[in-house]
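The values are calculated or read from the model by the stated rules, or taken from the named source; none is laboratory data. The model shown is predicted, which means the values in this text are computed figures rather than measured ones. SASA here: full protein model, heavy atoms, side chains in, ligands and nucleic acids out. Shrake-Rupley method; radii C 1.70, N 1.55, O 1.52, S 1.80 Å.
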Amino acid sequence: MDDVEKYEKLYSECYVLDKVIWDKYDMKLTKINVVKIIQNYKELKSKYIHLAVLNELGLTAHNIENIHSKNFSNNTFNEKIDIKIDLENDLKFKAAIFDKLNNCFTEDEKQYYDYCLQNNKSEKYLRNHLGGLSKLGLLPIKNSCILKIALAFDKAVVKK
């Protein structure tokens, strides 16, 4: 088994981070960071539409001559290319992290992420969807999901 296969196996294993781990972190502040990460990711995905339009207009680094023939100034062209490259790189980076996270989320964590973090449904809604789970029963799922995201993006807040 080569290093790539070992790495793939490592992050594809599903597990819940237990209380011993999440007790080390300030989960309220960590959740705030995770919400910001997800909001930013959703915004980037929406801005990707802008990238698609830039591509349709031929605004690529490989097509500079085409841009100049359309009466774009050098500054406008450079700004558009910089925006495109930054947006594309940021989106690819975050999408790759979320893809890897999705592989190590348990099924319940996936539902917490989808319902509560991604689609802003209430935790009560999810608890009912999971068969009447109590607040205490949801806590390990919630904290594990949030902490996995925060750790993956290096945004977990350690307790002082």
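Observations on the structure shown:
- With q set to 0.16, 0.18, 0.24, 0.25 Å⁻¹, the log10 of I(q)/I(0) for segment 107-150, from the Debye formula over equal scatterers at the Cα positions, is -0.33, -0.42, -0.76, -0.82.
- Probe 1.4 Å, all protein chains present, accessible-area order of 56, 88, 109, 79, largest first: 56, 79, 88, 109
- Separation of the alpha carbons by more than 23 angstrom is noted, of 121/159; 94/135; 94/159; 42/80; 28/110, for 121/159; 94/135; 94/159.
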